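K.L.:
This is the structure I want to talk about, given as structure tokens.
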């Protein structure tokens with residue numbers, strides 16, 4: 001357990017809590033709170049003294065291992081356990097921890113109570129430490145009003161009203177600022193905070209922000225932009241010093257459509273261009289352009305998933321929003337799945353997910369040609385005995401899943417004829433099964449129609465999309481009816497439109513005639529009808545025509 | 001997920017138990033469901049142990065035989081298991097039909113129960 005007190009910012013004041021073991025800390029802590037409450041400060045509000053920043057009113061909140069958690073999720077979870085809203089100041093990650101500051105004692109004690117109340121994805125309770133602290137950096141080094149004014153004027157000059165774009169590239173060396181000895185180093189929390197404050201006040205509808213060439217190596221400070229200028233759609237972070245794509249996670253609350261990252265060390269950490277694009281898109285699913293290049297259609301679902309994932313007992317058949325969400329997801333999923341390049345699918349997969357498929361044949365040779373290609377991957381627990389193979393065929397990493405999906409034959413799904421069953425909804429999980437047909441579009445079995453039932457288990461994904469944690473696919477040959485009705489394939493028949501229905505006897509005659517002559521049922525029927533249902537005469541006519549070679553080959557039943 | 005795949009024997013034995021009960025005496029199926037369970041039978045939803053057992057008992061056949069052709073099981077985060085079954089069934093003297101059923105299983109205390117169930121008949125007999 002890291003010793004939080006090694007942190008420089010904590011100064012030893014008479015009110016600080018000094019101990020190394022958790023139990024002791026808690027008990028001393030309780031005493032301290034009681035003391036504060038009794039001490040009740042005189043009527044004035046707990047406002048900090050901006051000049052020296054050294055007050056007893058700041059508290060540093062630390063979440064050990066907080067680096068695992070997404071900032072918005074973490075702050076929202078904490079906020080939901082607090083009776084009153086609070087403003088976190090200078091939220092940042094340092095080593096494995098997440099830290100931020102709050103200003104008053106009441107908030108501090110409320111936050112302390114939240115410790116061990118929040119559960120993360122892995123069902124582990126999140127621990128929250130709260131200590132006295134000096135004021136946070138951005139407060140201690142807050143820009144003076146004169147500096148703020150100058151910064152505001154400079155930013156105004158760099159603002160393009162018609163495009164709602166703010167160009168802050170190379171801000172430090174702006175002549176106006178340098179001329180007045182104002183050092184706006186955006187890496188520093190106080191400068192970034194001041195800049196964002198001006199944006200919040202003066203350009204709240206900002207659409208485009210250019211932070212090129214500001215030597216940024218971390219984006220902790222920028223993460224507040226999500227609250228201050230939430231409409232930003234274009235962000236230019238090129239030519240900075242960002243080392244890892246993980247930094248971008250700090251601003252992923254922005255619904256970016258265009259992003260520039262070239263010229264950052266992080267760009268060369270990827271094995272190839274598509275891995276780079278894929279990683280960035282994981283962060284910003286709605287992204288349309290990266291480094292000036294158009295990206296292929298994104299997978300986006302425009303509904304706020306937090307609204308729909310509720311245990312709805314009243315309208316259990318699934319709300320309209322959910323249905324819409326699922327159908328939209330399926331359309332986008334299959335458009336990528338059928339596109340020939342399934343590498344785009346990872347965006348809807350978490351790192352640990354499951355996929356397996358099965359076909360109803362257990363020996364390769366008993367499977368019809370159309371299903372042979374699926375046989376290798378088929379995992380039928382009823383007959384599969386080899387434990388190694390059993391394990392292999394249950395794909396459970398994102399990479400494995402995408403690879404095995406990419407290896408499956410190319411398909412074209414008929415989305416107009418799918419039947420979707422949404423059969424399970426909980427707060428965090430949605431199960432739905434899709435029944436339908438698809439066509440093989442290349443290779444030996446080209447044109448053959450296969451039927452499938454695919455069950456997806458989804459959780460809310462980042463930025464309002466669905467994340468598929470389980471995927472189970474069952475594939476079989478389509479029945480003749482399914483083949484006919486899918487893709488609207490017209491069926492040619494010989495029977496005329498106003499066909500009187502046949503009597504039982506007539507039907508039997510047709511069957512017998514068909515068996516004897518070898519002709520298909522429709523042809524047999526026509527022959528009998530033409531001969532007024534005189535079986536013998538029809539037979540004679542048939543034999544005569546056949547000898548003369550006047551009966552076309554298609555009249556006869558195919559030898560299957 | 002790296003350790004022994006416990007979901008496989010659990011899924012298999014549940015399925016075996018389920019179809020055995022179903023074939024012998026459907027009313028006993030209440031043991032595998034809980035009050036929060038939901039059954040989606042051919043697109044219609046039934047919620048709660050009582051409603052589910054009522055639906056299953058009221059199905060219009062006396063005798064039913066199931067023949068299972070395909071089974072697959074996957075683990076889901078939070079200790080759930082999803083089991084898929086594809087097979088054929090014959091009710092009374094009706095023709096054989098294919099069916100597809102999915103079970104979502106959850107561990108409650110020491111037993112595994114079915115929290116969600118989806119059943120669909122296949123349009124035709126396959127295999």
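The values are calculated or read from the model by the stated rules, or taken from the named source; none is laboratory data. It should be emphasised that the depicted structure is a prediction, and the values quoted were computed from it without experimental measurement. Please note: Cβ atoms are built from the backbone with ideal geometry, for glycine as well, and neighbour counts cover all protein chains shown.
K.L.:
Being in contact with a strand residue (DSSP E or B) (Cβ under 9 Å, 6 or more places away or on another chain), assigned by the TED database to the domain that holds residue A:285 and either in a loop (DSSP other than H, G, I, E, B) or under 14 Å from residue A:290 (Cβ atoms) (or both): is that true of residue A:274 here?
P.N.:
no
So that you can scan it fast, the table gives a plain yes or no per residue for (1) in contact (Cβ under 8 Å) with a residue 24 or more places away in the chain; (2) surrounded by 15 or more Cβ atoms within 10 Å (Cβ to Cβ); (3) within 13 Å of the chain's Cα centre (by Cα); (4) more than 16 Å from residue A:423 (Cα to Cα):
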position: B:37; (1), (2), (3), (4): yes, yes, yes, no
position: B:41; (1), (2), (3), (4): yes, yes, yes, no
position: B:53; (1), (2), (3), (4): yes, yes, yes, yes
position: B:56; (1), (2), (3), (4): yes, yes, yes, yes
position: B:59; (1), (2), (3), (4): yes, no, no, yes
position: B:64; (1), (2), (3), (4): yes, yes, no, yes
position: B:69; (1), (2), (3), (4): yes, yes, no, yes
position: B:77; (1), (2), (3), (4): no, yes, no, yes
position: B:93; (1), (2), (3), (4): no, no, no, yes
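K.L.:
Being facing another protein chain (nearest Cβ under 10 Å) and within 29 Å of residue A:279 (Cβ to Cβ) is the filter here; which residues of region A:396-429 pass it?
P.N.:
Residues satisfying the conditions are A:396, A:397, A:428, A:429.
K.L.:
Can you tell me which residues in region A:382-418 are in contact with a strand residue (DSSP E or B) (Cβ under 7 Å, 6 or more places away or on another chain) and either modelled with pLDDT under 80 or not assigned by the TED database to the domain that holds residue A:353 (or both)?
P.N.:
Across region A:382-418, the qualifying residues are A:382, A:417.
K.L.:
Continuing with this model, one more query. Give A:259, A:216, A:248 a once-over and let me know the one that is under 21 Å from residue A:174 (Cβ atoms) and either touching a helix residue (DSSP H, G or I) at 6+ places or on another chain (Cβ under 8 Å) or free of Cβ contacts under 8 Å to residues at least 24 places away in the same chain (or both).
P.N.:
Unique residue meeting the criteria: A:216.
K.L.:
Hey, does region A:209-216 have a residue that's out of contact with any strand residue (DSSP E or B) (no Cβ under 8 Å at 6 or more places or on another chain), modelled with pLDDT of 90 or more, closer than 20 Å to residue A:99 by Cβ and assigned to a loop (DSSP other than H, G, I, E, B)?
P.N.:
Yes, there is a match, as at least one residue in region A:209-216 is out of contact with any strand residue (DSSP E or B) (no Cβ under 8 Å at 6 or more places or on another chain), modelled with pLDDT of 90 or more, closer than 20 Å to residue A:99 by Cβ and assigned to a loop (DSSP other than H, G, I, E, B).
K.L.:
Would you confirm, using the coordinates I've provided, whether residue B:127 is crowded, with 20+ Cβ neighbours inside 10 Å, more than 20 Å from residue A:424 (Cβ to Cβ) and modelled with pLDDT under 90?
P.N.:
Judged against the criteria, residue B:127 is not a match.
K.L.:
Considering only residues that are within 14 Å of chain B (Cβ to nearest Cβ), surrounded by fewer than 13 Cβ atoms within 10 Å (Cβ to Cβ) and closer than 15 Å to residue A:80 by Cα, which ones fall in region A:115-129?
P.N.:
Selection gives A:119 alone.
K.L.:
If you check A:214, A:264, which single one turns out to be farther than 25 Å from residue A:152 by Cα and surrounded by 21 or more Cβ atoms within 10 Å (Cβ to Cβ)?
P.N.:
A:264
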